[in-house]
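Participant: Structure incoming, see below.
The values are calculated or read from the model by the stated rules, or taken from the named source; none is laboratory data. As the structure is a prediction and not an experimental result, all values here were calculated from the model. Heads up, the Cβs are rebuilt from the backbone with ideal geometry, glycines too, and the neighbour counts pull from every protein chain shown. These accessible areas exclude ligands, DNA and RNA; they are computed on the full protein's heavy atoms, side chains included. Shrake-Rupley method; radii C 1.70, N 1.55, O 1.52, S 1.80 Å.
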Amino acid sequence: MAIEITSESLAGAQPEPTADYKESPLVAVSDFSGSSQRISRSRFRLTNSTWTRRNFSSRARELSGGDAIILSIPKSGRTWLRAFLCAYFCRRFGLEFTLRPGRYALPGLPRIVFSHDLFEHRTKGDRWDRVRGKYLVPRRELKRAKIILLARDPRDCFVSLYLQLTRRDPNAPVKLKQKTVSEMLRDEKFGMGAIISAMNDWLNELSQRDNFTLVRYEALRASPAEHFRDLLAVLGESQPDGTIFQDALEFSRFENMQKLEAAGAFDSKILHPGDVRDPESFKVRRGKIGGYREYLSAEDQQFAADAMRELDRRFGYTG
């Protein structure tokens, strides 16, 4: 039986919380203690030796209690990965599809927390939000739960994020929406440097832990069956049901997700186009590897390539 979305399956689901991009000075953040394998300090990194990972806000509860925590820069393929996992586990436990299966609170159904963590901490909210650590996963949770870092080539992430902010996100400031792709590429908070800094800091903070797994978007795209099986194994599903697995793969294909989003099948802000007439405003947009070349000038591509030299080599990306 194929996975289906019905109005009943979405009943009671709460809309994805959205955060405002508030205008405020950029607060310095940590140079995490990390691996002996770390590369030279990024010229983009903002440091503050007194910074610590804490979350004193009410949102800490939403970011706690997960069996696994999936961290990523925005536009790293998280929605695709999330759709697959939700499709698989909902079917596995006999539930109607929802992007929030945790609301069923069934024994054995893993709770997965998705967060942009450091990147949101540095770009969203105001100074008070950052003082409280509103967007940070609490330190104790990173020690307790399984951690999966979903990585994607920062250049592709940047282009997709630029289109998200300028074509899709109603909360993005007008000043930000008016920036050209070239200006945004060099932006202190949303440009290449900010993306690379967050990725490096995650790897330095987390890579030496036994509960840490690095997943590359490009590997998932090249061989989704193989790598989604590996991902399920990390989540404790070492022998996935073959039929359910194939149904989940088919359901989460980009083409299928785009059709569902265009048709408004998802009663959630997670998967809803900014403008159904504008393909660039869709949440599930293209997913193309190396697509940044179609949006960046030769000069901007060189700037991005120079920035890539600061990315930790353990990610496996080159300029």
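Participant: Determine, for each peptide in 291-302, 115-126, 94-105, the mean count of other beta carbons within 10 angstrom over its residues, then list the peptides with the highest first.
Facilitator: Result, highest mean Cβ count within 10 Å first: 115-126, 94-105, 291-302.
Participant: Further question on the same structure: When Lys and Arg each count +1 and Asp and Glu each count -1, what net charge do the other residues less than 13 Å away from D67, Cβ to Cβ, add up to?
Facilitator: +1
Participant: Rounded to the nearest 0.05, what FRET efficiency do R309 and Q178 give with R0 = 25 Å and r taken as the Cβ-Cβ distance? Could you check?
Facilitator: After rounding, the FRET efficiency stands at 0.25.
Participant: Can you put W202, W80 in order of accessible area, largest first, using a 1.4 Å probe?
Facilitator: Largest to smallest exposure gives the sequence W80, W202.
Participant: Can you send over the carbon and sulfur percentage of the accessible area for segment 82-154, probe radius 1.4 Å, protein chains only?
Facilitator: 51 percent
Participant: Right, something else. Could you report segment 115-221's accessible area per residue, 1.4 Å probe, as an integer in Å²? The partial results should precede the final answer.
Facilitator: On the way: 3740 Å² over 107 residues.
Result: 35 Å² per residue.
Participant: What is the Cα centroid distance between segment 133-159 and segment 69-99, reported in whole angstrom?
Facilitator: 16 Å
Participant: Additional query: Going from most exposed to least, what order do T166, T52, T318 have by accessible area with a 1.4 Å probe?
Facilitator: Solvent-accessible surface, decreasing: T318, T52, T166.
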